[in-house]
């Protein structure tokens, strides 16, 4: 059983532009993000997905709904595809986090699997829920082409699993907004 995933990061938000840690804060798309979602529909139109599954956060869900409209596809949502919970860092500027929480930021960079932002999730916790969601998607949609519309770290974790990339460097794999990448998933295991 093999499923093709189109990994799609949601369109742009004002917090993306501002350089804020968004995490699970439920921030909407901005006008550029909505335009990006319309462009995504055009980009995937030569070979549209059979189904679409999105994070339930509005920036991902809205991207998916806009993208799905030309194909008359419903959008299923899964909260396990939410971005990492950034705890007290949510809404803060990257530069402020690095300045005010230098020790915590360095600790998480050194061991992202086990160290979380204060009040947030570890990369290990996110990885566990995301890969469980992908395993369920493969079971629900065997041998189909599925668009997964989610968030930067979520998609980076799927790509890291697919390419056997070191999980400690997962931040290097975070895609830009409204980018599409294709991976193949077999029985819950992501393979290149």
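The values are calculated or read from the model by the stated rules, or taken from the named source; none is laboratory data. Here the structure is a predicted model, which is why all the values come from computation and not from measurement. All Cβ positions, glycine included, derive from the backbone under ideal geometry; neighbour counts span all protein chains shown.
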- Determine, yes or no, whether residue 170 is modelled with pLDDT of 95 or more and either touching a strand residue (DSSP E or B) at 6+ places or on another chain (Cβ under 7 Å) or buried (at least 18 other Cβ atoms within 10 Å of the Cβ) (or both). no
- Inter-residue pairs, beta-carbon under 8 Å, first on the phi > 0 side of the Ramachandran plot and in the stretch 169-192, second part of a loop (DSSP other than H, G, I, E, B) and at pLDDT below 85, 6+ apart: 187/1
- The condition of being within 13 Å of residue 10 (Cα to Cα), assigned to a helix (DSSP H, G or I) and without any contact (Cβ under 8 Å) to a residue 40 or more places away in the chain holds, among 60, 69, 107, 41, only for 41
- Task: Would you check which residues across the stretch 1-38 are touching a strand residue (DSSP E or B) at 6+ places or on another chain (Cβ under 7 Å) and assigned to a loop (DSSP other than H, G, I, E, B) and list them?
- Result: 1, 10, 19
- Query: Hey, among 160, 150, which residue is touching a helix residue (DSSP H, G or I) at 6+ places or on another chain (Cβ under 6 Å) and closer than 22 Å to residue 29 by Cβ?
  - Reply: 150
- With the condition kept exactly as written, say whether any residue in the stretch 119-133 is in a loop (DSSP other than H, G, I, E, B), touching a helix residue (DSSP H, G or I) at 6+ places or on another chain (Cβ under 7 Å) and in contact (Cβ under 8 Å) with a residue 12 or more places away in the chain. yes
